[in-house]
Amino acid sequence: MNRRDFIERSILGGSSILLFPSLLGACETKQASGLDQQIRQLSTSLLEKWCEGLLANQTHSPENPITHGGIYSPGDEAYQGRCADAIVPFLWMAKYSNDPKYIRAAKDVYAWEQHNCWSEELGCWFNNPNLPNSWKGITVFAAMTKVEAINHYADLLGEETVDDWKKQLKRAADYLYETLTISFGNINYPATGIWVFYHLGKLFEEEKYIHRAAELANDLMSYFTPEGLFFGEGGRERHPSGQFPVDLGYNVEESLPAMALYAKTVGNQELLDKAIHSMRVHLEFMLPNGTWDNSWGTRSFKWTYWGSRTSDGCHPGYYILADQEPVFAEAVYRNLQALEASTFDQLLYAGPHEYLAGVDPSVHHTFNHAKSLANLLYLSKPEIPSGQFLLPREKADGLKQFEDINTILFAKGPWRGTVSAYAVPYKTEINGQASGGALTVLYHTNQGFISAASMTEYQRWEKFNMLDEKKLSNFMNLTPRLELVQREGKVYRNISDLNANLVSKESPDLLHITAFSKLVNGQQEVPNEGSPTVKVEYLVTEKDFWIEISTDIAHLEGRLQYIFPVVCSSDDVVSLDSNSFKCHSKNGTLTVQSNIPLIASSEDYRVYNFSPGLQAFPLKFGCANIHQEKLKLSFSFMPLT
């Protein structure tokens, strides 16, 4: 056995132990740390639920190959082209439960995919069923699914099925070899491609695929920013602002895990060191409850409570490196808890409030993250030392500024937050992720989210992969903002300004962040009469959080309001008076007080946004005179005793 084969077997481990529950428990009792055991138990529990949910949504109609075997998505009201990713969790469940119905489910969804999403002409898979001109980059993920199924579950599939799948897979391998370069699509494709090419090379015993993986791995070394973020989502070049096209969701749920798994398997220490450092940097954006803060990323239109709408999951990559970085295991477990909090009726919702809002989920969330957990469970257990490991954002350590994305994180007392003036749009996107010095996250360690930004104007960049907001009467942008509405529906906002400036300072008693911006539309145009300079100050003490909003001159025409959607579920109780708002939850009472009267609305009213799957109560304040008197909002929280 050569060194590379030894490393690979050490990482992937022996599947016979991992896939039989009685042996799994016995092994964990002796060898695994308590944290590792919790990770595996929660992963198993979620997989059991999700596989049942996916099976319940699989269509059985042998007479109709357009639907037979497909997994129907209630939220999308369609069959998702990538639903065959469920093959791996179905086969995991078949071996775990010894129930052959899951083998049948895996074979049926494969047959559905071949009939509806396979290009016989090109030898690849495409994203939108029966639309062969749709996106074919998903061949990367579809190929890896087949490789994983053959490598780990050939005994369940049978020799005839394996041979049939390998014929199609070989054609897909050659398609990828001809098309997948470092410049293909967003950076997550070549990043995951290295892991795919490596395994295709091993499966078919063809060195050309392994060499392609190595070539791409070398190319990827150029896509780490000076601060260690990974870039290339929405472009490959540095923006004129000096910032980089970065998306946290795709980085932590696809690109970085794939690079880490590949580098550790083949012994590419240079790439492994880069990946580990970058994973540490990205972990700065995980909130204490295990949710990822992608409020600012280029592809935040897919941001969900636990990650990103159609990516796989952070779990295998962070887990396999936990022997070197024990906090990575803690991150995996916290994120599993966020997934659990968003699971209802055996499916994964975009967030815990999506279920309360009565919104049907996309099954994309479930089959992608089920695949991630199945992959985690056949990895060898890392040696995780015992003890408690704090996530970076659990520490109340003041301000952290990321110049590569012009974003500041703050942490003092129980308050955590993100202020962003990130100026890099996704491709040609207008009014996408919030900028302008927006408060994109406000979080309290006892309450959780108090504010969470969404797209300034919701746009279905990937129409087939994003839910339709027109079906909701209470859909709303959740980003706090100063908004000027003029005649003919013209809207100008501070959070649209891509040229804002951030100034920050801290003392032992106070964190102080100030954003200077203009009121602009998506094209960066000011109103005809010009725009005042908007000054938004964020002040954080051990006890309270404050926002102060002012302008240097009066606006000339239209309605000027400050809108702050407070995250507040329909299960929470709201009480209002002219200058205060209270949200009473199971954790305690959040109080918002203002010096300018609230614009009245019903206490039962809630708005909702798919990104990141949260409900909110929109506070609105008239701001016609904030050039003379600042709008001041104070936030405090009283936990239940």
Quick one: in the stretch 406-447, of everything that is on the phi > 0 side of the Ramachandran plot and open to solvent by 10 Å² or more (accessible area, probe 1.4 Å), which residue is modelled with the lowest pLDDT? Lys427
For the structure I just gave you, tell me whether Arg212 is modelled with pLDDT of 95 or more and in contact with a Cys (Cβ under 8 Å, 6 or more places away or on another chain). no
Say we look at the stretch 543-553 and pick out the residues that are part of a strand (DSSP E or B) and of a type in the set (A, V, I, L, M, F, W, C); which of these is surrounded by the most Cβ atoms within 10 Å (Cβ to Cβ)? Phe545
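Based on what the data block shows, is Ala86 at pLDDT below 95 and either farther than 19 Å from Asp164 by Cα or open to solvent by less than 30 Å² (accessible area, probe 1.4 Å) (or both)? Before the answer, list the steps.
On the way: at pLDDT below 95: no; either farther than 19 Å from Asp164 by Cα or open to solvent by less than 30 Å² (accessible area, probe 1.4 Å) (or both): yes.
Considered against the rule, which asks whether it is at pLDDT below 95 and either farther than 19 Å from Asp164 by Cα or open to solvent by less than 30 Å² (accessible area, probe 1.4 Å) (or both), Ala86 comes out as no.
Here is a check on your reading of the model: is Ala331 in contact with a Gly (Cβ under 7 Å, 6 or more places away or on another chain), open to solvent by less than 30 Å² (accessible area, probe 1.4 Å), within 30 Å of Ala421 (Cβ to Cβ) and in contact (Cβ under 8 Å) with a residue 24 or more places away in the chain?
Details: in contact with a Gly (Cβ under 7 Å, 6 or more places away or on another chain): no; open to solvent by less than 30 Å² (accessible area, probe 1.4 Å): yes; within 30 Å of Ala421 (Cβ to Cβ): yes; in contact (Cβ under 8 Å) with a residue 24 or more places away in the chain: yes.
Judged against the criteria, Ala331 is not a match.
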Matching residues in the stretch 261-281 (crowded, with 23+ Cβ neighbours inside 10 Å and within 18 Å of Leu391 (Cβ to Cβ)) number 2
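Given the criteria open to solvent by less than 10 Å² (accessible area, probe 1.4 Å), within 29 Å of Asp219 (Cβ to Cβ) and touching a Cys at 6+ places or on another chain (Cβ under 8 Å), does Thr145 qualify? Talk me through it step by step, then tell me what you get.
Values: open to solvent by less than 10 Å² (accessible area, probe 1.4 Å): yes; within 29 Å of Asp219 (Cβ to Cβ): yes; touching a Cys at 6+ places or on another chain (Cβ under 8 Å): no.
So Thr145 does not fit the description; no.
Residues are listed down the side, and each one gets a yes or a no for (1) within 26 Å of the chain's Cα centre (by Cα); (2) surrounded by fewer than 19 Cβ atoms within 10 Å (Cβ to Cβ); (3) modelled with pLDDT of 95 or more; (4) at positive phi:
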{"position": "Tyr96", "(1), (2), (3), (4)": "no, no, yes, no"}
{"position": "Tyr102", "(1), (2), (3), (4)": "no, no, yes, no"}
{"position": "Tyr110", "(1), (2), (3), (4)": "no, no, yes, no"}
{"position": "Glu113", "(1), (2), (3), (4)": "yes, no, yes, no"}
{"position": "Asn116", "(1), (2), (3), (4)": "no, no, yes, no"}
{"position": "Asn133", "(1), (2), (3), (4)": "no, yes, yes, no"}
Would you pick out the residues in the stretch 206-222 that are among the basic types (Lys, Arg) and loosely packed, with under 15 Cβ neighbours inside 10 Å? Lys208
Does the stretch 399-419 contain any residue that is within 25 Å of Gly351 (Cα to Cα), over 18 Å from the mean Cα position of the chain (by Cα) and without any contact (Cβ under 8 Å) to a residue 40 or more places away in the chain? yes
Selection within the stretch 597-641 - under 25 Å from Asn587 (Cβ atoms), assigned to a loop (DSSP other than H, G, I, E, B), open to solvent by less than 10 Å² (accessible area, probe 1.4 Å) and of a type in the set (Val, Ile, Thr): none
Which members of the stretch 339-363 meet the condition of being under 23 Å from Leu472 (Cβ atoms) and in contact with a Phe, Trp or Tyr (Cβ under 6 Å, 6 or more places away or on another chain)? Ser342, Phe344, Tyr349, Ala350, Gly351, Tyr355, Ala357, Pro361
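For the stretch 566-590, how many residues are closer than 25 Å to Thr440 by Cβ and part of a strand (DSSP E or B)? Spell out how you get there, then give the answer.
First, the residues of the stretch 566-590 that are closer than 25 Å to Thr440 by Cβ: 566-572, 574, 580-583, 585, 587-590.
Adding the requirement that they be part of a strand (DSSP E or B) leaves 566-567, 574, 580-583, 588-590.
Residues flagged as closer than 25 Å to Thr440 by Cβ and part of a strand (DSSP E or B) within the stretch 566-590 amount to 10.
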Could you please tell me which pairs satisfy a Cβ distance under 9 Å, a separation of 6+ or placement on different chains, a first residue in the stretch 618-641 that is closer than 20 Å to Thr533 by Cβ and at pLDDT 95 or above, and a second residue that is surrounded by fewer than 18 Cβ atoms within 10 Å (Cβ to Cβ) and of a type in the set (Val, Ile, Thr)? Phe621/Ile599; Gly622/Ile599; His627/Ile553
Pair list, Cβ under 8 Å, 6 or more apart: the stretch 536-561 residue among the acidic types (Asp, Glu), other residue open to solvent by less than 10 Å² (accessible area, probe 1.4 Å) and assigned to a loop (DSSP other than H, G, I, E, B): Asp552/Pro532; Glu557/Pro527
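Let's see how each residue does on (1) under 18 Å from Ser311 (Cβ atoms); (2) surrounded by fewer than 22 Cβ atoms within 10 Å (Cβ to Cβ); (3) touching a residue at least 24 places away in the same chain (Cβ under 8 Å); (4) polar (S, T, N, Q):
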{"residue": "Ile39", "(1), (2), (3), (4)": "no, no, yes, no"}
{"residue": "Leu42", "(1), (2), (3), (4)": "no, yes, yes, no"}
{"residue": "Trp50", "(1), (2), (3), (4)": "yes, no, yes, no"}
{"residue": "Ala56", "(1), (2), (3), (4)": "no, yes, yes, no"}
{"residue": "Ser61", "(1), (2), (3), (4)": "no, yes, no, yes"}
{"residue": "Ile66", "(1), (2), (3), (4)": "no, yes, yes, no"}
{"residue": "Asp76", "(1), (2), (3), (4)": "yes, yes, yes, no"}
{"residue": "Tyr79", "(1), (2), (3), (4)": "no, no, yes, no"}
{"residue": "Met93", "(1), (2), (3), (4)": "no, no, yes, no"}
Starting from residues that are touching a strand residue (DSSP E or B) at 6+ places or on another chain (Cβ under 6 Å) and open to solvent by 20 Å² or more (accessible area, probe 1.4 Å), keep the ones in the stretch 557-569 and report whichever is nearest to Ala453 (Cα to Cα). Gln561
Among residues belonging to the stretch 365-405 that are of a type in the set (D, E, K, R) and under 30 Å from Val88 (Cα atoms), point out the one that is surrounded by the most Cβ atoms within 10 Å (Cβ to Cβ). Lys371
Filtering the stretch 187-205 for residues that are open to solvent by 10 Å² or more (accessible area, probe 1.4 Å), touching a residue at least 60 places away in the same chain (Cβ under 8 Å) and not in a helix (DSSP H, G or I) leaves a count of 0
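Okay, residues lined up against (1) surrounded by fewer than 24 Cβ atoms within 10 Å (Cβ to Cβ); (2) of a type outside the set (D, E, K, R); (3) under 9 Å from the mean Cα position of the chain (by Cα); (4) at pLDDT below 95:
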residue: Leu248; (1), (2), (3), (4): no, yes, yes, no
residue: Leu287; (1), (2), (3), (4): yes, yes, no, no
residue: Trp303; (1), (2), (3), (4): no, yes, yes, no
residue: Trp306; (1), (2), (3), (4): no, yes, yes, no
residue: Tyr319; (1), (2), (3), (4): no, yes, no, no
residue: Ala341; (1), (2), (3), (4): yes, yes, no, no
Against the condition surrounded by fewer than 18 Cβ atoms within 10 Å (Cβ to Cβ) and touching an Asp or Glu at 6+ places or on another chain (Cβ under 9 Å), how does Pro226 come out, does it pass? yes
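The values are calculated or read from the model by the stated rules, or taken from the named source; none is laboratory data. Being a predicted model, the structure only gives us computed values, none of them experimental. Positions of Cβ are backbone-derived with ideal geometry, glycine not excepted, and every protein chain shown enters the neighbour counts. With ligands, DNA and RNA removed, areas are computed over all heavy atoms of the protein, side chains included. Shrake-Rupley method; radii C 1.70, N 1.55, O 1.52, S 1.80 Å.
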